[in-house]
Amino acid sequence: MKYQKLFEPGSIGGITLRNRIVMSPMQTHFTQGGDNRYTERYIEYYCQRARGGAGLIITNHVKAEKKIDPYPITYGYPTLDSLNEIKYFHELTESVHRYGAKIAIELSAGTGRLADVILPDKWPIGPSEISLLSMPELRTRALTRGEIAGLVEAYGKAAGLARQAGFDILYVHATAYLIDQFLSSCWNRREDEYGGPLENRMRFLLECIASAREQVGKDFPIIVGLALDHGFLGGRELNESIEIAGKLKEIGVDTLHLRRGSYDSMNLIIPTDYMEDGVSVPYAEILKRETGLKTIVDGNLSDPDLEERLILENKLDFVGMGRPLFADPWWPEKARRGREEEILPCIRCMQCINRVFFGQYAACSVNPFTGKEYLGPLAPVKKAKRILIAGGGPAGMYAAVLASERGHRVTLIEKGDRLGGHLRGASVPAHKKEVYGFYKWLLKRVENSDIELKLGTEVTPELVRQLKPDAVIVATGSVPSLPQVPGMDKPLVRIATELLSNRESAGERVVIVGAGLVGCETALYLAGQGRKVTLIDMLPEIAADVVFMARFSLLAALQEKGIQMEAGLRLKEISDEGIVVEDDSGRLKSIASDTVVIATGLKPNSKLYDELAGEVQEIYQIGDCREPRNFLEAVHEAYYIVKEI
């Protein structure tokens, strides 16, 4: 076996896991109803990860009670506070056990300053009066001693119910939420026995664990999820986390789940593709060495070679993976069999988490089946159709693969000499290696299918009439939307998407017009080649179209590369020496450059669809040719259309 350490059994407390792969807690919104209960959707989602070979699955956030601290309201967190709830959780644990995995419950003692929608009769609570993260103008109410005792009692009760429900391990949620707020002097300003020195600030955590022990017994395994540091000025630093870990070891905790960051430093706790692999490993290694505790570590860990090496070097004991298993539940089994090229990589686009923050179900940009496991795979068709797919970008490629797998006879025609569309350019920057992995994965799926592929051929109405398909899927993508200004025809002008796809050359001084995602990624790519880059946009903010969860990380990466950024500038003219721009006050200024890169957006290439709409009986339009968007929409549209054909 190639990854012997990764697939070596490991123990947490008295529980033996079949390997060192842990599915980290990840919120999805898959619960249902006003009580946010586990239903078939959620259970099948977890079961698929158990089937795929994960050693341990840690659930998403479960609340121990909702009378003292009912928050958050909008994230769909279930509550385990009565015997009546056990059946929903037991169905989950029983199902996961059927496939050989163990399961831990991530149990929270409260939310505190992370409260969301404010209830009129229940003001948010905290260890002290502190600002809410999402509404800093509002402050929590400090918990009374009686309320703290109530939370501790509820925590123990919930832990006992979790054991009755069949959970193998209790995971104490002490990152960012209420327990962490008690632990940290930046949020805990109490002057009683729960505040002040670390011994007092740890009291709430230790009382919750003691209350749980009374209910689950002294030998029941416990994992504590702990932030290595908070990642912001004034937050907890590593040295104090090491001290906390040492005290947890003294009371019998033998395993910690370690991550850097907090929701005040989202880049660390949920790292993006602009950050290095294993972002938490250096700090976690220090804590492990200082305390001797076993550790689960995550944070941009998706490469089995790297994970094997980290375990061999004793830098961690278990690998935590959230998004990689969200993208491909069969990641462990594929790696175990040495079939890494079949792993569908998480592209770290943050869409899954971003959707949750805005009240939607989590969804995966590369796997449309995630969250739909309960619907089963796409069924083979009873009668095969001849399907013509025009356009070999991500939408067209994915539709072709799914339609072929269903049993249709598929012809995929691409105008260019290569498949991939904008996916090719998106995979070029060095930090986009996971996107490149997705591109390779799609190419392999096409190559290994029965799809008839034609490159260098443009689909026209005449060709469609000649081929007489039963159905046509138009996936002709998008084309650059170019500014109508003097000088666009000058030799120093490049189009961002073409520069990336074709790896075109650029001068030493580059100005990029358009600071959306494509412009920013192009800036990083060119700065990485040593170019001096200026990035401008007519909007008042840089990276305005980038998803919330990735934007701040992207801006930090741009700053780190020394890229000059200027917002509120409108392109007026391109000259041989650079560009002329106008600010919001109407003042003109020149920016000197050797190369001008245009990244002013995309527009749909819907010409073929418009020509065929009244001529072909069964015709569909997917991807950017409907409207330029992102990979998630392209892939999911392909799934839903093929599902119906």
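A search for C-beta distances below 8 Å between a residue of segment 140-167 that is without any contact (Cβ under 8 Å) to a residue 40 or more places away in the chain and any residue that is open to solvent by less than 20 Å² (accessible area, probe 1.4 Å) and of a type in the set (K, R), counting only pairs 6+ apart in sequence or on different chains, returns T140/R113. When K444, K432 are screened for being of a type in the set (K, R), open to solvent by less than 30 Å² (accessible area, probe 1.4 Å) and touching an Asp or Glu at 6+ places or on another chain (Cβ under 7 Å), only K432 passes.
If I filter segment 497-518 for residues that are at pLDDT below 95 and of a type in the set (G, A, S), do I get at least one hit? Checking segment 497-518: at least one residue is at pLDDT below 95 and of a type in the set (G, A, S).
The test for being modelled with pLDDT of 95 or more, within 30 Å of the chain's Cα centre (by Cα) and open to solvent by 20 Å² or more (accessible area, probe 1.4 Å) holds for E137.
Looking across segment 201-230, the residues that are within 23 Å of R260 (Cα to Cα) and either without any contact (Cβ under 8 Å) to a residue 24 or more places away in the chain or open to solvent by 10 Å² or more (accessible area, probe 1.4 Å) (or both) come down to R201, R203, L206. Residue pairs whose Cβ atoms lie under 8 Å apart, separated by 6 or more positions or on different chains, with the first residue in segment 366-386 and closer than 21 Å to F631 by Cβ and the second assigned to a loop (DSSP other than H, G, I, E, B) and open to solvent by 60 Å² or more (accessible area, probe 1.4 Å), are F369/P377; G371/Y361.
Could you grab me the full set of residues in segment 178-200 that are in a loop (DSSP other than H, G, I, E, B), in contact with a helix residue (DSSP H, G or I) (Cβ under 6 Å, 6 or more places away or on another chain) and surrounded by 18 or more Cβ atoms within 10 Å (Cβ to Cβ)? Before the answer, list the steps.
Of all residues in segment 178-200, those in a loop (DSSP other than H, G, I, E, B) come to 184-197.
Cutting the leftovers down to in contact with a helix residue (DSSP H, G or I) (Cβ under 6 Å, 6 or more places away or on another chain) gives us 187-188, 193-194.
Across segment 178-200, the qualifying residues are W187, N188, Y194.
Listed conditions (1) outside any helix (DSSP H, G or I); (2) over 29 Å from K218 (Cβ atoms) are all met by E106, apart from (2).
Scanning segment 237-253 turns up at least one residue that is acidic (D, E), without any contact (Cβ under 8 Å) to a residue 12 or more places away in the chain and either within 18 Å of A104 (Cβ to Cβ) or surrounded by fewer than 18 Cβ atoms within 10 Å (Cβ to Cβ) (or both). The residue of segment 447-475 that is nearest to V410 (Cα to Cα), among those that are among the polar types (S, T, N, Q) and open to solvent by 40 Å² or more (accessible area, probe 1.4 Å), is N448.
In this structure, is P483 in contact with a Leu (Cβ under 6 Å, 6 or more places away or on another chain), surrounded by fewer than 21 Cβ atoms within 10 Å (Cβ to Cβ) and either at pLDDT 95 or above or of a type in the set (S, T, Y) (or both)? Yes: the conditions hold for P483. Among the residues making up segment 574-590, those that are surrounded by fewer than 16 Cβ atoms within 10 Å (Cβ to Cβ) and assigned to a strand (DSSP E or B) are S575, D583, L588, K589, S590.
Taking residues in segment 443-471 that are in a helix (DSSP H, G or I), and partners anywhere that are small (G, A, S), the pairs with Cβ atoms closer than 7 Å and at least 6 places apart or on different chains are V446/A400. Just one of the listed residues (G150, G156) is open to solvent by 10 Å² or more (accessible area, probe 1.4 Å), more than 21 Å from G322 (Cβ to Cβ) and not in a loop (DSSP other than H, G, I, E, B), namely G150.
Okay, residues lined up against (1) within 30 Å of L83 (Cβ to Cβ); (2) out of contact with any Lys or Arg (no Cβ under 9 Å at 6 or more places or on another chain):
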{"site": "D219", "(1), (2)": "yes, yes"}
{"site": "G231", "(1), (2)": "no, no"}
{"site": "I251", "(1), (2)": "yes, no"}
{"site": "M266", "(1), (2)": "no, yes"}
{"site": "G278", "(1), (2)": "no, no"}
{"site": "Y283", "(1), (2)": "no, no"}
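Restricting attention to segment 611-631 and to residues that are in a helix (DSSP H, G or I) and open to solvent by 10 Å² or more (accessible area, probe 1.4 Å), the residue that is nearest to R406 (Cα to Cα) turns out to be F631. Could you please find all residues in segment 407-423 being in a strand (DSSP E or B) and either of a type in the set (S, T, N, Q) or surrounded by fewer than 24 Cβ atoms within 10 Å (Cβ to Cβ) (or both)? If the condition is that a residue be in a strand (DSSP E or B) and either of a type in the set (S, T, N, Q) or surrounded by fewer than 24 Cβ atoms within 10 Å (Cβ to Cβ) (or both), then R409, T411, I413 are the ones that fit. Just one residue in the set I43, I21, I12 is in contact with a Ser or Thr (Cβ under 6 Å, 6 or more places away or on another chain), in contact (Cβ under 8 Å) with a residue 60 or more places away in the chain and over 23 Å from D81 (Cβ atoms); that residue is I12.
Entry remark, segment 506-530: residues being surrounded by fewer than 19 Cβ atoms within 10 Å (Cβ to Cβ) and either without any contact (Cβ under 8 Å) to a residue 40 or more places away in the chain or in contact with a His (Cβ under 7 Å, 6 or more places away or on another chain) (or both) number 2 in total.
Residues of segment 355-382 that are farther than 26 Å from E644 by Cβ, open to solvent by 20 Å² or more (accessible area, probe 1.4 Å) and either modelled with pLDDT of 95 or more or part of a helix (DSSP H, G or I) (or both): F357 alone.
Applying the condition of being over 15 Å from the mean Cα position of the chain (by Cα) and open to solvent by 90 Å² or more (accessible area, probe 1.4 Å) to segment 539-571 and asking which residue is farthest from S265 (Cα to Cα) yields R570. Residues in segment 401-442 that are free of Cβ contacts under 8 Å to residues at least 60 places away in the same chain and aliphatic (A, V, I, L, M): V401, V410, L412, I413, L419, L442.
The values are calculated or read from the model by the stated rules, or taken from the named source; none is laboratory data. Because the structure is a prediction, the values reported are computed rather than measured. Cβ sites come from the backbone with ideal geometry, for glycine too, and all protein chains shown count toward neighbours. In case anyone asks, the SASA skips ligands and DNA or RNA and just uses the protein heavy atoms, side chains included. Shrake-Rupley method; radii C 1.70, N 1.55, O 1.52, S 1.80 Å.
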